Every structure is written in C-alpha cells, then in structure tokens.
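This report refers to the structure that appears directly beneath it.
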Amino acid sequence: MSISAVKIRLVGIVQGVGFRPFVYRLATRLGLRGYVVNRGGAEVEIFVEGDDDKINRFMMLLEREKPPPALFEEIFIERSSPLNLRDFRILKSVYDRSRRSMIPPDVAICEECTREIKDPSSRFYRYYWNSCAWCGPRFSMIYRTPYDRENTSMRKYLLCEKCRHDYEDPDNIRRFHAEGISCPICGVRTYLYDNRGRKIDLREDLVNFISKEILKGSIVAIKEAGGYHIAALASREDLCGEVFKIDLSEYRGPYMTPPRP
C-alpha cells in the first residue's frame, strides 16, 4: 500500500470554533497520521499522511462535517513527502503567518451549556459563565492571534484538575482544547457592587436578584471577560433606579478594588 501526504492551509473562521479538535477526531477515525496547528494569521495548517483513499475521504469530510461556526474562505492544498509519523497530534500554535484570517465573533451560549447550568447534579450548576467549544466569547476576549488561552483574557484562570482532564480528553467533544472553559473551582468569580462601589453579599441566586432589580428599574453594568454590558428596562423611560455593578473578572485571590461606576 502506497503512502501519500498532503499539507492543507485553511483561511476563514477556523480558530476559536473547535476546529482543531474536530480535525484530530476525523483524522484518527480514518487512521491517518499527521498534525493540525494554529498559525499566527488566525489560519490553520493540517498535515496528513496515509492511504490515498483515506486522504480523499478526509478532504471530503473536512468540509461536510466541520463545526457549525467554521467557515472556509480559502483552501490551499499541496502534495508533500510523508514524514512517517506515528500518530495524529494537535501541535502547539506558531506565530508566523502566510495569510490573514478571521477570529469569530462572540457566540451565544449553547443548549448544552444552558442545560448544565440548570442541572443541580452538574458541576456547572448556576455557573452562569459556562462555555465550551461551541459557544462563549471569542473576539471580545482575544489579545492576539493565534487563538490560544494564553492569548486571551482567560489566561489568568488556571484550569483545575477536572477542567484540565476535560481539556485533554479527545472524547470530550465540547471541551477538548476549548480555550475558554472554566468552572466554579477555577474560573471567573462573581461579585456584586452597588453604585457606590460597596460589595453586596447575597443569599439568593444572583441572576434572580438582578432580574428583579432590572424589572424594578435598576441599571446593571456587567463586567465580564470581554468588556462591559449595560442592562436596563428599555420599555420604561421613566425608571431610573439603583445602579449595580457585577464584576465577573476578578481573581479568586486577593481582593481587588472595583473601578468607580
């Protein structure tokens, strides 16, 4: 059986959408060897070697089964010499670029993450900043390309043992190499302040409390990993109540004085 190899360069929305894990699972499923790597222009490079028929099938399924947010604008394919690799791997990102690609916009929370938040048996129960490979902030939290956790505002949150296990588990479709994941143990902590910058200790669920305050006319400034969001009751111009600030971006460690609203 002859061994062939191809190198593929993909330009478009291919970083921050669970694309590398998808390529890894597809290649290993087909018994191909090689690597996938993020490059500094926000593009992705793939090298696969193996049987010609399997490579052709890989190319077909690469487009057919790609993650829903992924978008190919340009595809460059070149024949290459086999490297006689032993397996398929996700390599550490590199900072060089040959083309300039795109970082995806922030993606609304998916149904699976929502289900976990509502499930009392889940470790993400009432962890409203839950996200996975299919959803969560992207463009608003990245500092530079390529899209890796260390290049985003999530870099200060070190993964706990369980999140690290999920991140490194190829069978965990939603969290394998998902750069923005976290949980109540290792992730963003939530604090509530009033309009004078005083911390408020709550005994009830934060979202329920804020929802009721907005309906009463309060204005809420929500600081999260990608900036601020202002929430208010737009249907009542006559209401102008308390101003609260929710800070979702502090470390779990030393207390940090919130900026004045």
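Read the figures in this text as sums done on the coordinates, not as results from a lab. Quick caveat: nothing in here was measured; it's all calculated off a predicted structure. Methodologically, a virtual Cβ is constructed for each residue, glycine included, from the backbone with ideal geometry; neighbour enumeration extends over all protein chains shown.
In this simple spin-label model, placing a label point 7 Å from the Cα along the Cα-to-Cβ direction at both Met60 and Arg25 gives a separation of 2.1 nm. The phi torsions of the range 194-209, fed into the Karplus equation with coefficients 6.51, -1.76 and 1.60 and a -60° offset, translate into couplings of 8, 6, 9, x, 8, 6, 10, 9, 9, 9, 10, 4, 4, 5, 4, 4 Hz, rounded to whole numbers, with Gly and Pro shown as x.
Computed over the Cα atoms of the range 1-116, the ratio of the radius of gyration to the Kirkwood radius (Rg/Rh) comes to 0.99. Taking other residues whose beta carbon is less than 10 angstrom from the beta carbon of Val17, and scoring Lys, Arg as +1 and Asp, Glu as -1, yields +3.
Under a GNM of the chain (C-alpha, springs under 10 Å), which listed residue has the highest mean-square fluctuation: Gly136, Gly226, Gly16? Largest GNM mean-square fluctuation: Gly226. Taking packing as the residue-averaged number of other Cβ atoms within 10 angstrom, the listed peptides 139-145, 35-41 run from highest to lowest as 35-41, 139-145.
In the chain, the DSSP-assigned H stretches of four residues or longer account for a calculated mean residue ellipticity at 222 nm of -6000 deg cm²/dmol, using -39500 (n - 2.57) per stretch and the full residue count as denominator.
In what sequence, highest mean first, do 53-64, 150-161 appear when ranked by Cβ atoms within 10 angstrom?
Values: 53-64: 14.8, 150-161: 16.7.
In descending order of packing, they fall as 150-161, 53-64.
Highest mobility in the GNM of the chain, judged by mean-square fluctuation with C-alpha springs under 10 Å and restricted to Glu43, Glu224, Glu78, is found for Glu78. The spacing between the range 128-166 and the range 1-77, judged by their C-alpha centroids, is 22 Å. Would you please state the base-10 log of I(q)/I(0) at q = 0.10, 0.11, 0.14, 0.22 1/Å for the range 108-234, with intensities from the Debye formula using one equal scatterer on every alpha carbon? One equal scatterer on each Cα of the range 108-234 leads to -0.36, -0.44, -0.70, -1.43. Near Tyr95, once Lys and Arg are set to +1 and Asp and Glu to -1 for all other residues with Cβ below 11 Å from its Cβ, the sum equals +2.
Long-range amide H contacts for Val107: which residues qualify at under 5 Å (H placed 1.01 Å from N, peptide plane, sequence gap of 5 or more or a different chain)? Amide H neighbours of Val107, under 5 Å, 5+ apart: Gly136, Arg138.
Can you give the direction-averaged projected area of the convex hull of the alpha-carbon atoms in the chain, in nm²?
Values: hull surface 66.1 nm².
Averaging across all directions leaves 16.5 nm² for the Cα convex hull.
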